[in-house]
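Trainee: Please find one structure pasted underneath; my questions will follow.
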Amino acid sequence: MKPLYQWSATELQRALAKGAIRATDVVESCFQQICQDNDRLKAFITLCSEQALAEAQAVDAARDRGELLGPLAGIPISVKDLTATAGVRTTQGSLIYQDWIPTQDDLCVARLKQAGAIVIGKTNTPEFGLGAHVTNPLYGPTATPYDPSRTSGGSSGGAAVSVAMGMCPLAHGTDMGGSVRTPASFCGVVGLRPAVGRIPRRRMRWDDLDTDGVMARTVEDAALMLSVMAGWDAQDPISISAPWPCPILDESVRDQVRGKVRVGFSADLGITPIDAEVRLVFEAAIVKMTPICRQVDPVYPDCTLASAAFEPLRAGLLSHKHQRHYDQHFDQLTPTVRWNVARGQGLTAAELLTAAGHRDQLYRNFLRFFESHDILATVSACVPPFPHDQPEVLTVDGTPLNTILDYLKITYTISLTGLPALSIPCGWTETGLPIGLQLVGPPQGEMALLQFAYLLQEDLQFRHRWPT
């Protein structure tokens, strides 16, 4: 029998409910993995060893008493270190917050705990989630398990590594420009950025580029985790009120989906260079997909306005969020954070409104695409994992990029639309580096997205494989 750290969350859920395994054994197995590999890969910046084991013992005792428990009772999870976790150090990757211990959980963490999940630690992130590498003045760099000389991808890189290595079966991440999907690609796991508002946040109405996300080793695990995080909240003015139950993903669903899905595809969406190895893996994945789809067409929405929309909107948002850090703690900030804040200074209302107009047009272009197609397929990252000693991605396939943000065009374009997107492993380079396939669904189309991804996972073996 495989060791417990290799079990999926859904497998653990069933076995725990039957009493076939104990939550304490599951948590201990995950901590054994952390002890073995965290110093080398640097996934976790803070651990909750004593607290997690105590919670696992409480779950076992409650189950022995026959109490009704939540759907994630006894299942270990990690939380990205940008996200407040009550009683646990939450550094945001910054010297400014290196000793901050929140007194309240962010809403997504509270919902995971309410479902019975056990937080085993906080995963590493660049300062405030800004940067190509998951490193900061406190800890790092976080490495892909498939080649520790290369980056895990940012900014949810610690989360991706934690599930890729069996340090936990489920991981929380956040995604603005690709911060769940890029590390999912670099670490060979599933990364889901749901429709904006599916996982509510206590936010200002206009702060809708960023969302919480889910990382797991299987599609069904991602669906399970999303089901307990989703749901309306009055303090999020754009939260989705429709219920989102955990979908059943099994052979019957595969039979329903196989041969029915209309896919449009493009590696580059007409807006960005793509590394040659990534393109080869993507094209091979499309060939494999074709026999199990209704149609597979080389068509995609017009995305030419994406940069003109994303760069000003992101710059204005980050400048607003971090101006006080810039003014009060300039010397403690990383150069990347300073650069990002400075880009938003001096933006005019007219420039931001023009960018918002471009974003609206981009969304309408995607709506037209989904009138004739069910899924858009593209790459999850335009490059494979790159070395730690490469500060930024400034060229792709020999083509110079304009800014350090440009290598994220393939993901930030989708972020602008607010549509659900999922990265799933679809192949490997000749040197064994994982490559992700990004699937985009229609508005609030997570169900169809997960069902199709599950079909690819089961029929084509587009799935996580354990690092050697």
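A short reminder: the numbers here are calculations on the coordinates, not readings from a lab. Nothing here was measured: the structure is a model prediction, and the numbers come from that model. Quick reminder, even Gly has a Cβ in these numbers, built from the backbone with ideal geometry, and neighbours come from all protein chains shown.
Trainee: Could you calculate the contour length gain from Met1 to Trp206, that is, 0.36 nm times the residue separation minus the distance between their Cα atoms, to one decimal place in nm?
Mentor: 68.8 nm
Trainee: Given the Cα-Cα distance of Lys18 and Arg258 and 0.36 nm per residue of separation, how much length would full extension add, in nm?
Mentor: Difference between extended and current length: 83.2 nm.
Trainee: With labels modelled as points extended 7 Å from the Cα through the Cβ direction, what inter-label distance (nm, one decimal) is found for Thr290 paired with Ala54?
Mentor: The answer from the label model is 5.9 nm.
Trainee: For a footprinting-style exposure proxy, rank Phe44, Phe31 by other Cβ within 10 Å, fewest first.
Mentor: Ranking Phe44, Phe31 by Cβ neighbours within 10 Å, fewest first, gives Phe31, Phe44.
Trainee: Still on this model: Hey, what do the phi angles of region 450-458 turn into as Karplus ³J(HN,Hα) couplings, whole Hz, using 6.51/-1.76/1.60 and θ = phi - 60°, x for Gly and Pro?
Mentor: Running phi through 6.51 cos²θ - 1.76 cosθ + 1.60 with θ = phi - 60° gives 5, 5, 5, 4, 5, 4, 5, 4, 7 Hz.
Trainee: Additional query: What is the spread of the Cα atoms of region 159-240 along each of their three principal axes, largest first, in whole Å?
Mentor: 37, 24, 16
Trainee: Shifting gears a bit: Show the residues, 5+ positions off or on another chain, whose built amide H is closer than 5 Å to the amide H of Val396.
Mentor: Excluding prolines and chain starts, which carry no amide H, the hits are Leu401.
Trainee: To continue, here is another question. How much net charge surrounds Ala56 when only the other residues with a Cβ under 9 Å from the Cβ of Ala56 are counted, with Lys and Arg +1 and Asp and Glu -1?
Mentor: Spelling it out: positives minus negatives among the neighbours equals -3.
Trainee: Shifting gears a bit: In nanometres, what is the gap between the two model label sites at Thr304 and Thr348, each 7 Å from Cα along Cα-to-Cβ?
Mentor: Rounded to a tenth, the inter-label distance reads 2.5 nm.
Trainee: A further question on this structure: In a shell of Cβ-Cβ distance under 9 Å around Pro420, excluding Pro420 itself, what net charge do Lys and Arg (+1) and Asp and Glu (-1) give?
Mentor: Here the count lands on +1.
Trainee: Now for a different question. Running Debye on region 4-229 with equal point scatterers at the Cα sites and no solvent, what base-10 log of I(q)/I(0) appears at q = 0.16 Å⁻¹?
Mentor: After summing over all Cα pairs, the log10 values are -1.02.
Trainee: Here's something else I'd like to know. Could you check the simple spin-label distance between Thr431 and Ile248, using points 7 Å along Cα→Cβ, in nm with one decimal?
Mentor: Computed distance between label sites Thr431 and Ile248 equals 4.6 nm.
Trainee: Note the full-extension length gain between Cys35 and Ile404 as 0.36 nm times their separation in residues minus their Cα-Cα distance, in nm to one decimal.
Mentor: 129.4 nm is the gain from fully extending Cys35 to Ile404.
Trainee: Taking Cα pairs under 8 Å and at least six residues apart, what relative contact order does region 1-106 come out at, in percent?
Mentor: It rounds to 22 percent for region 1-106.
Trainee: How do Val88, Val257 line up, fewest other C-beta atoms within 10 Å first?
Mentor: In increasing order of surrounding Cβ atoms, one gets Val88, Val257.
Trainee: How high is the relative contact order of region 4-229, in percent, with contacts defined as C-alpha pairs under 8 Å that are six or more residues apart?
Mentor: Taking the mean separation of contacting Cα pairs over the length of region 4-229, I get 20 percent.
Trainee: By the gyration tensor of its Cα atoms, with a ≥ b ≥ c the square roots of the eigenvalues, what is the shape of the chain: rounded for a/c under 1.5, prolate for a/b over b/c, or oblate?
Mentor: Cα axes put the chain in the rounded bin.
Trainee: Further, regarding this structure: Binning at 5 angstrom from zero up to the longest distance, how are the C-alpha pair distances of region 358-425 distributed in percent?
Mentor: For region 358-425, the binned pair fractions read 3, 13, 22, 21, 16, 14, 8, 3, 1 percent.
Trainee: When a footprinting reagent is the concern and you count Cβ atoms within 10 Å, what order do Ser252, Ser156, Ser94, Ser380 take, fewest first?
Mentor: Arranged by neighbour count, lowest to highest, Ser252, Ser156, Ser94, Ser380 become Ser252, Ser94, Ser380, Ser156.
Trainee: Also, I was wondering about something else. Tell me which residues come under 5 Å, amide H to amide H, from Asp297 once H is placed; ignore anything under 5 positions away on its chain.
Mentor: Val263, Gly264, Phe265
Trainee: Can I ask one more? May I ask for the net charge around Pro194, where only other residues with Cβ less than 11 Å from the Cβ of Pro194 are counted and Lys, Arg are +1 while Asp, Glu are -1?
Mentor: -1
Trainee: Same structure again: Can you classify region 412-468 as rounded, prolate or oblate using the Cα gyration tensor, where a ≥ b ≥ c are the square roots of its eigenvalues, rounded means a/c under 1.5, and otherwise it's prolate if a/b beats b/c and oblate if not?
Mentor: It comes out oblate by the Cα gyration axes.
Trainee: Before anything else, pin down the relative contact order of the chain: Cα pairs under 8 Å, at least 6 apart, normalised by residue count, whole percent.
Mentor: Relative contact order here is 16 percent.
Trainee: I've got another one for you. Among the listed pairs Lys122/Lys288; Lys122/Lys321; Lys113/Lys409; Lys288/Lys409; Lys18/Lys288; Lys2/Lys80, give every one whose C-alpha distance is greater than 30 Å.
Mentor: Among Lys122/Lys288; Lys122/Lys321; Lys113/Lys409; Lys288/Lys409; Lys18/Lys288; Lys2/Lys80, the Cα-Cα distance tops 30 Å for Lys122/Lys288; Lys113/Lys409; Lys18/Lys288.
Trainee: Given R₀ = 30 Å, what would the calculated FRET efficiency be for Asp397 paired with Thr468, taking r from the Cβ atoms and rounding to 0.05?
Mentor: 0.60
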